[in-house]
1. For Ile227 and Arg126, calculate 0.36 nm times their separation in residues minus their Cα-Cα distance, and state this gained length in nm to one decimal.
2. Under the rule of at least 5 residues apart or a separate chain, name every residue whose amide H is placed under 5 Å from the amide H of Arg133.
3. Dipole of the chain (Lys/Arg Cβ +1, Asp/Glu Cβ -1, origin at the Cα centre): which of Ala190, Leu216, Leu21 lies farthest to the positive side?
4. Give me the percent relative contact order of the range 1-132, please, defined on Cα pairs under 8 angstrom at least 6 residues apart.
5. Over the chain, average the accessible area per residue using a 1.4 Å probe and give it in Å², no decimals.
6. Is the range 52-96 rounded, prolate or oblate when judged by the Cα gyration tensor, a ≥ b ≥ c being the square roots of its eigenvalues, rounded requiring a/c under 1.5 and prolate requiring a/b larger than b/c?
7. Is the C-alpha gyration tensor of the range 1-122 telling us rounded, prolate or oblate? Criteria: a/c under 1.5 is rounded; beyond that, a/b larger than b/c is prolate, otherwise oblate.
8. Report, by chain and number, residues whose modeled amide H sits under 5 Å from the one on Asp200, excluding near sequence neighbours (fewer than 5 apart, same chain).
Amino acid sequence: MSVETEATLSRPPGYEDADNLRQQARAVGMNPDYWYAVEEVQRVKPGTVTEVVFWKRSIALFRSEDGSFHAIENRCLHRQIKLSLGEVEGCRLVCGYHGWEYDEEGRVAEIPDLFGRKQVPRLSVRSYPIQVRYGLVWIFPGDPALAEERRIPEIPELEGPGRWACVPLRFDLSAHHSIIIDNVSDFSHAYLHRQYRPFDGATLTRHETIGDNVHLAYETRVGRGRISGKFVDHDRLDTNHMELCYEYPYQRSNTDDEIKHWLFVLPIDERTTRTFFLFYFRSLKLPMLPIRIPRWAMTTVLRLANRMLIGPLLSQDRWAVEAEQSGYEHNWNAPPIEVNPVVRSFQQVTVRKWREHLDHEDAAHPIDA
(Lines give C-alpha, C1' and ligand atoms only; values in the text may rest on other atoms or scores of the structure.)
Protein backbone atom coordinates (compact mmCIF):
# COMPACT_ATOMS: atom_id res chain seq x y z
CA MET A 1 0.00 0.00 0.00
CA SER A 2 1.40 3.41 -0.97
CA VAL A 3 2.00 6.19 1.51
CA GLU A 4 -0.65 8.27 -0.27
CA THR A 5 -3.23 5.47 0.01
CA GLU A 6 -2.47 5.00 3.71
CA ALA A 7 -2.90 8.75 4.31
CA THR A 8 -6.23 8.73 2.45
CA LEU A 9 -7.54 5.81 4.47
CA SER A 10 -6.52 7.48 7.72
CA ARG A 11 -8.68 10.55 7.05
CA PRO A 12 -12.31 10.74 8.17
CA PRO A 13 -14.71 9.80 5.35
CA GLY A 14 -16.67 12.31 3.33
CA TYR A 15 -20.44 12.44 3.51
CA GLU A 16 -21.09 9.91 0.73
CA ASP A 17 -18.66 7.38 2.24
CA ALA A 18 -19.77 7.74 5.86
CA ASP A 19 -20.88 4.56 7.64
CA ASN A 20 -22.89 6.11 10.47
CA LEU A 21 -24.71 9.26 11.55
CA ARG A 22 -21.76 10.74 13.44
CA GLN A 23 -19.46 10.40 10.43
CA GLN A 24 -22.10 11.99 8.21
CA ALA A 25 -22.68 14.87 10.63
CA ARG A 26 -18.95 15.59 10.85
CA ALA A 27 -18.58 15.76 7.05
CA VAL A 28 -21.51 17.90 5.90
CA GLY A 29 -21.71 21.61 5.30
CA MET A 30 -24.75 23.74 6.07
CA ASN A 31 -27.61 24.54 3.76
CA PRO A 32 -26.72 27.87 2.08
CA ASP A 33 -30.34 28.98 1.76
CA TYR A 34 -30.24 30.78 5.12
CA TRP A 35 -28.78 34.02 6.39
CA TYR A 36 -25.38 33.57 8.03
CA ALA A 37 -23.58 36.04 10.28
CA VAL A 38 -20.07 36.49 8.87
CA GLU A 39 -18.50 39.37 10.79
CA GLU A 40 -19.04 41.98 13.47
CA VAL A 41 -19.89 45.42 12.11
CA GLN A 42 -17.21 47.08 14.23
CA ARG A 43 -14.46 44.95 12.69
CA VAL A 44 -15.05 46.25 9.14
CA LYS A 45 -14.32 49.96 8.96
CA PRO A 46 -15.57 52.16 6.10
CA GLY A 47 -13.22 51.94 3.13
CA THR A 48 -11.90 48.44 3.96
CA VAL A 49 -12.29 44.90 2.63
CA THR A 50 -11.92 41.51 4.31
CA GLU A 51 -12.29 37.87 3.29
CA VAL A 52 -15.04 35.72 4.78
CA VAL A 53 -15.64 32.07 3.92
CA PHE A 54 -18.87 30.11 3.78
CA TRP A 55 -18.17 26.38 3.43
CA LYS A 56 -14.99 26.68 1.31
CA ARG A 57 -16.46 29.56 -0.71
CA SER A 58 -14.39 32.74 -0.48
CA ILE A 59 -16.34 36.00 -0.38
CA ALA A 60 -14.99 39.55 -0.42
CA LEU A 61 -16.85 41.59 2.19
CA PHE A 62 -16.22 45.29 1.67
CA ARG A 63 -17.52 48.47 3.16
CA SER A 64 -17.82 51.52 0.94
CA GLU A 65 -16.54 54.83 2.20
CA ASP A 66 -20.16 55.83 2.83
CA GLY A 67 -20.42 52.97 5.35
CA SER A 68 -22.58 50.58 3.31
CA PHE A 69 -21.70 46.87 3.15
CA HIS A 70 -21.36 44.70 0.06
CA ALA A 71 -20.34 41.12 -0.65
CA ILE A 72 -19.09 39.67 -3.93
CA GLU A 73 -17.29 36.57 -5.12
CA ASN A 74 -13.67 36.86 -4.02
CA ARG A 75 -11.83 36.64 -7.31
CA CYS A 76 -10.84 39.02 -10.04
CA LEU A 77 -12.00 37.77 -13.43
CA HIS A 78 -8.73 38.86 -15.01
CA ARG A 79 -6.13 36.70 -13.23
CA GLN A 80 -8.30 35.05 -10.55
CA ILE A 81 -6.53 36.58 -7.54
CA LYS A 82 -8.55 37.41 -4.45
CA LEU A 83 -10.24 40.79 -4.53
CA SER A 84 -9.87 40.95 -0.75
CA LEU A 85 -6.18 41.61 -1.45
CA GLY A 86 -7.19 44.89 -3.09
CA GLU A 87 -8.54 48.20 -1.83
CA VAL A 88 -11.82 50.07 -1.53
CA GLU A 89 -12.07 53.34 -3.43
CA GLY A 90 -15.34 55.17 -2.90
CA CYS A 91 -18.01 52.55 -3.51
CA ARG A 92 -15.87 50.23 -5.60
CA LEU A 93 -13.54 47.33 -4.84
CA VAL A 94 -10.29 47.60 -6.78
CA CYS A 95 -8.13 44.58 -7.58
CA GLY A 96 -4.64 45.05 -6.19
CA TYR A 97 -2.96 43.59 -9.28
CA HIS A 98 -4.10 45.50 -12.39
CA GLY A 99 -6.59 47.90 -10.84
CA TRP A 100 -9.78 46.44 -12.24
CA GLU A 101 -12.71 48.05 -10.44
CA TYR A 102 -15.85 46.22 -9.29
CA ASP A 103 -19.05 47.93 -8.20
CA GLU A 104 -21.38 46.91 -5.35
CA GLU A 105 -23.14 44.34 -7.58
CA GLY A 106 -19.90 42.65 -8.66
CA ARG A 107 -19.87 44.23 -12.12
CA VAL A 108 -16.56 45.24 -13.71
CA ALA A 109 -16.97 49.01 -13.77
CA GLU A 110 -13.52 50.12 -14.91
CA ILE A 111 -10.38 48.64 -16.49
CA PRO A 112 -7.46 51.06 -16.48
CA ASP A 113 -6.08 50.03 -19.89
CA LEU A 114 -8.47 48.75 -22.56
CA PHE A 115 -5.80 48.59 -25.30
CA GLY A 116 -7.90 50.47 -27.82
CA ARG A 117 -11.27 48.99 -26.90
CA LYS A 118 -14.01 51.60 -26.70
CA GLN A 119 -15.86 50.32 -23.66
CA VAL A 120 -15.48 48.08 -20.66
CA PRO A 121 -16.69 44.55 -21.46
CA ARG A 122 -19.78 43.28 -19.65
CA LEU A 123 -18.27 41.10 -16.96
CA SER A 124 -19.31 40.38 -13.40
CA VAL A 125 -18.73 38.11 -10.44
CA ARG A 126 -21.50 36.92 -8.18
CA SER A 127 -22.86 39.28 -5.56
CA TYR A 128 -24.59 38.20 -2.35
CA PRO A 129 -27.58 39.67 -0.49
CA ILE A 130 -26.37 41.36 2.66
CA GLN A 131 -27.91 42.82 5.82
CA VAL A 132 -26.72 44.41 9.05
CA ARG A 133 -28.52 43.43 12.23
CA TYR A 134 -27.70 42.99 15.94
CA GLY A 135 -24.21 44.40 15.39
CA LEU A 136 -23.43 41.65 12.86
CA VAL A 137 -23.06 41.54 9.08
CA TRP A 138 -25.17 38.80 7.45
CA ILE A 139 -24.81 37.20 4.01
CA PHE A 140 -27.22 34.95 2.13
CA PRO A 141 -24.94 32.52 0.26
CA GLY A 142 -27.72 30.43 -1.32
CA ASP A 143 -30.40 31.08 -3.93
CA PRO A 144 -30.90 34.88 -3.87
CA ALA A 145 -34.55 34.38 -4.79
CA LEU A 146 -35.06 32.91 -1.31
CA ALA A 147 -33.38 35.77 0.56
CA GLU A 148 -36.66 37.59 1.21
CA GLU A 149 -38.49 34.42 2.24
CA ARG A 150 -35.84 33.21 4.69
CA ARG A 151 -35.48 35.72 7.48
CA ILE A 152 -32.77 36.51 9.99
CA PRO A 153 -34.06 35.37 13.42
CA GLU A 154 -36.25 37.95 15.09
CA ILE A 155 -34.82 39.06 18.44
CA PRO A 156 -37.15 41.86 19.59
CA GLU A 157 -35.18 42.36 22.83
CA LEU A 158 -32.22 43.61 20.78
CA GLU A 159 -34.05 46.24 18.76
CA GLY A 160 -35.97 49.43 19.47
CA PRO A 161 -35.63 52.07 22.18
CA GLY A 162 -36.07 49.58 25.03
CA ARG A 163 -33.59 47.02 23.71
CA TRP A 164 -31.53 44.97 26.11
CA ALA A 165 -27.78 45.36 26.27
CA CYS A 166 -25.77 42.86 24.20
CA VAL A 167 -22.09 42.71 23.25
CA PRO A 168 -21.41 39.93 20.69
CA LEU A 169 -18.56 37.48 21.19
CA ARG A 170 -16.78 36.06 18.13
CA PHE A 171 -14.60 32.94 18.08
CA ASP A 172 -12.85 31.18 15.20
CA LEU A 173 -12.70 27.53 16.20
CA SER A 174 -10.75 24.60 14.77
CA ALA A 175 -13.78 22.33 14.89
CA HIS A 176 -16.65 21.23 12.65
CA HIS A 177 -19.89 23.13 13.13
CA SER A 178 -21.80 20.01 14.25
CA ILE A 179 -19.38 19.50 17.14
CA ILE A 180 -20.11 23.03 18.33
CA ILE A 181 -23.89 22.56 18.11
CA ASP A 182 -23.57 19.28 20.03
CA ASN A 183 -21.53 21.00 22.72
CA VAL A 184 -23.64 24.06 23.34
CA SER A 185 -26.90 22.21 24.06
CA ASP A 186 -25.54 19.05 25.70
CA PHE A 187 -25.50 19.92 29.39
CA SER A 188 -23.87 16.64 30.39
CA HIS A 189 -20.54 18.48 30.10
CA ALA A 190 -21.11 20.56 33.25
CA TYR A 191 -17.89 19.06 34.65
CA LEU A 192 -15.92 21.06 32.08
CA HIS A 193 -17.28 24.30 33.58
CA ARG A 194 -16.97 23.39 37.26
CA GLN A 195 -14.92 26.57 37.83
CA TYR A 196 -17.62 28.93 36.46
CA ARG A 197 -20.78 26.82 36.97
CA PRO A 198 -23.04 28.42 34.33
CA PHE A 199 -25.26 25.36 34.86
CA ASP A 200 -25.05 22.17 36.86
CA GLY A 201 -27.22 19.25 37.96
CA ALA A 202 -28.94 19.15 34.56
CA THR A 203 -31.87 16.76 34.03
CA LEU A 204 -33.35 16.58 30.52
CA THR A 205 -37.12 17.21 30.73
CA ARG A 206 -38.01 17.84 27.08
CA HIS A 207 -36.66 16.48 23.81
CA GLU A 208 -38.69 16.93 20.66
CA THR A 209 -37.94 17.48 16.98
CA ILE A 210 -40.53 19.58 15.17
CA GLY A 211 -39.71 20.16 11.52
CA ASP A 212 -36.20 21.60 11.37
CA ASN A 213 -36.12 22.50 15.07
CA VAL A 214 -34.94 20.40 17.99
CA HIS A 215 -36.59 21.63 21.21
CA LEU A 216 -35.20 20.64 24.58
CA ALA A 217 -35.32 21.71 28.21
CA TYR A 218 -33.39 21.00 31.37
CA GLU A 219 -34.10 21.28 35.03
CA THR A 220 -30.75 22.76 35.99
CA ARG A 221 -29.27 25.31 38.35
CA VAL A 222 -28.39 28.31 36.17
CA GLY A 223 -25.81 30.95 37.04
CA ARG A 224 -24.33 29.48 40.20
CA GLY A 225 -20.76 30.66 39.74
CA ARG A 226 -18.87 32.07 42.68
CA ILE A 227 -18.74 35.53 41.06
CA SER A 228 -21.27 35.45 38.18
CA GLY A 229 -23.97 34.03 40.46
CA LYS A 230 -23.93 37.18 42.57
CA PHE A 231 -25.18 39.23 39.60
CA VAL A 232 -28.23 36.99 39.03
CA ASP A 233 -31.37 37.65 41.08
CA HIS A 234 -32.14 34.06 42.07
CA ASP A 235 -34.88 35.18 44.45
CA ARG A 236 -36.84 36.88 41.67
CA LEU A 237 -36.10 34.55 38.73
CA ASP A 238 -36.69 30.85 38.13
CA THR A 239 -33.08 29.88 37.51
CA ASN A 240 -33.72 26.17 37.88
CA HIS A 241 -35.07 25.67 34.36
CA MET A 242 -33.73 26.42 30.88
CA GLU A 243 -35.33 25.95 27.46
CA LEU A 244 -33.17 25.56 24.37
CA CYS A 245 -33.69 25.06 20.65
CA TYR A 246 -31.54 24.09 17.70
CA GLU A 247 -33.43 26.22 15.21
CA TYR A 248 -31.48 25.16 12.15
CA PRO A 249 -28.97 26.60 11.45
CA TYR A 250 -29.09 28.65 14.67
CA GLN A 251 -29.20 27.81 18.39
CA ARG A 252 -30.80 29.66 21.30
CA SER A 253 -31.67 29.41 24.99
CA ASN A 254 -34.08 31.06 27.43
CA THR A 255 -34.10 31.18 31.23
CA ASP A 256 -37.33 32.64 32.64
CA ASP A 257 -37.60 35.15 29.76
CA GLU A 258 -34.83 37.22 31.38
CA ILE A 259 -31.55 35.47 30.52
CA LYS A 260 -31.20 34.57 26.85
CA HIS A 261 -28.66 33.84 24.17
CA TRP A 262 -28.32 33.06 20.47
CA LEU A 263 -25.48 31.25 18.76
CA PHE A 264 -24.83 31.83 15.06
CA VAL A 265 -22.32 29.57 13.33
CA LEU A 266 -20.49 30.20 10.06
CA PRO A 267 -19.27 26.87 8.62
CA ILE A 268 -15.92 27.37 6.91
CA ASP A 269 -14.77 23.80 6.21
CA GLU A 270 -14.72 20.35 7.83
CA ARG A 271 -12.54 21.53 10.69
CA THR A 272 -13.11 25.29 10.95
CA THR A 273 -16.12 27.30 12.16
CA ARG A 274 -16.65 30.93 13.11
CA THR A 275 -19.13 31.50 15.93
CA PHE A 276 -21.02 34.52 17.20
CA PHE A 277 -22.50 34.35 20.72
CA LEU A 278 -25.10 36.93 21.71
CA PHE A 279 -25.86 36.87 25.45
CA TYR A 280 -28.44 39.36 26.66
CA PHE A 281 -30.19 40.00 29.96
CA ARG A 282 -33.23 41.99 30.90
CA SER A 283 -31.30 43.09 33.96
CA LEU A 284 -28.64 42.04 36.43
CA LYS A 285 -28.33 43.01 40.07
CA LEU A 286 -25.57 44.52 42.11
CA PRO A 287 -23.69 41.86 44.08
CA MET A 288 -24.88 41.47 47.68
CA LEU A 289 -27.69 43.99 47.10
CA PRO A 290 -31.29 43.60 45.85
CA ILE A 291 -30.76 46.49 43.43
CA ARG A 292 -30.81 46.16 39.65
CA ILE A 293 -27.95 47.54 37.58
CA PRO A 294 -29.29 50.58 35.65
CA ARG A 295 -30.02 49.94 31.97
CA TRP A 296 -27.60 52.67 30.90
CA ALA A 297 -24.75 50.81 32.62
CA MET A 298 -25.53 47.34 31.29
CA THR A 299 -23.41 47.56 28.12
CA THR A 300 -20.34 48.45 30.15
CA VAL A 301 -21.08 45.62 32.59
CA LEU A 302 -21.43 43.14 29.72
CA ARG A 303 -18.16 44.26 28.16
CA LEU A 304 -16.44 43.54 31.46
CA ALA A 305 -18.33 40.27 31.86
CA ASN A 306 -17.30 39.15 28.37
CA ARG A 307 -13.66 39.82 29.20
CA MET A 308 -13.59 38.41 32.71
CA LEU A 309 -16.30 35.71 32.85
CA ILE A 310 -18.16 34.78 29.66
CA GLY A 311 -15.11 34.85 27.39
CA PRO A 312 -13.02 32.61 29.69
CA LEU A 313 -16.02 30.29 30.10
CA LEU A 314 -16.41 29.92 26.33
CA SER A 315 -12.66 29.39 26.04
CA GLN A 316 -13.20 26.16 27.96
CA ASP A 317 -15.69 25.12 25.27
CA ARG A 318 -13.14 26.10 22.63
CA TRP A 319 -10.59 23.78 24.22
CA ALA A 320 -13.16 20.97 24.37
CA VAL A 321 -14.50 21.18 20.81
CA GLU A 322 -11.04 21.58 19.30
CA ALA A 323 -9.83 18.57 21.31
CA GLU A 324 -12.90 16.64 20.13
CA GLN A 325 -12.14 17.56 16.52
CA SER A 326 -8.61 16.24 16.90
CA GLY A 327 -9.90 13.12 18.62
CA TYR A 328 -12.41 12.47 15.85
CA GLU A 329 -9.81 12.89 13.11
CA HIS A 330 -7.61 10.27 14.78
CA ASN A 331 -10.44 7.90 15.81
CA TRP A 332 -13.20 8.51 13.30
CA ASN A 333 -13.81 4.79 12.85
CA ALA A 334 -14.36 4.12 16.57
CA PRO A 335 -17.91 2.96 17.41
CA PRO A 336 -20.09 6.04 18.12
CA ILE A 337 -21.17 6.15 21.76
CA GLU A 338 -23.61 8.87 22.88
CA VAL A 339 -25.62 9.05 26.10
CA ASN A 340 -27.57 12.28 25.59
CA PRO A 341 -30.37 11.63 23.05
CA VAL A 342 -30.54 15.27 21.95
CA VAL A 343 -27.14 14.98 20.26
CA ARG A 344 -28.41 12.37 17.83
CA SER A 345 -31.39 14.62 17.05
CA PHE A 346 -29.08 17.56 16.28
CA GLN A 347 -27.05 15.39 13.95
CA GLN A 348 -30.14 14.01 12.20
CA VAL A 349 -31.40 17.52 11.40
CA THR A 350 -27.97 18.70 10.28
CA VAL A 351 -27.53 15.75 7.92
CA ARG A 352 -31.09 15.98 6.58
CA LYS A 353 -30.74 19.67 5.76
CA TRP A 354 -27.49 19.01 3.91
CA ARG A 355 -29.16 16.19 1.96
CA GLU A 356 -31.96 18.59 1.03
CA HIS A 357 -29.39 21.04 -0.30
CA LEU A 358 -27.64 18.35 -2.36
CA ASP A 359 -30.95 17.13 -3.76
CA HIS A 360 -31.87 20.71 -4.72
CA GLU A 361 -28.50 21.13 -6.44
CA ASP A 362 -28.95 17.86 -8.35
CA ALA A 363 -32.42 18.91 -9.50
CA ALA A 364 -31.16 22.34 -10.61
CA HIS A 365 -28.14 20.91 -12.45
CA PRO A 366 -29.06 17.43 -13.76
CA ILE A 367 -26.29 15.38 -15.29
CA ASP A 368 -26.87 14.76 -18.99
CA ALA A 369 -27.46 11.11 -19.78
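The values are calculated or read from the model by the stated rules, or taken from the named source; none is laboratory data. Please read all numbers here as calculations on a predicted model, not as lab measurements. Neighbour counts run over all protein chains shown; Cβ positions are idealised from the backbone, glycine included. What goes into the accessible areas is simple: the full protein's heavy atoms, side chains included, and nothing from ligands, DNA or RNA. Shrake-Rupley method; radii C 1.70, N 1.55, O 1.52, S 1.80 Å.
1. 31.4 nm
2. Those lying under 5 Å, H to H, from Arg133 are Trp138.
3. Ala190
4. 15 percent
5. Value for the chain: 51 Å² per residue.
6. Note, shape of the range 52-96 comes out oblate.
7. Because a/c hits 1.5 or more and a/b exceeds b/c, the range 1-122 counts as prolate.
8. Answer set, sorted by chain and number: Arg221.
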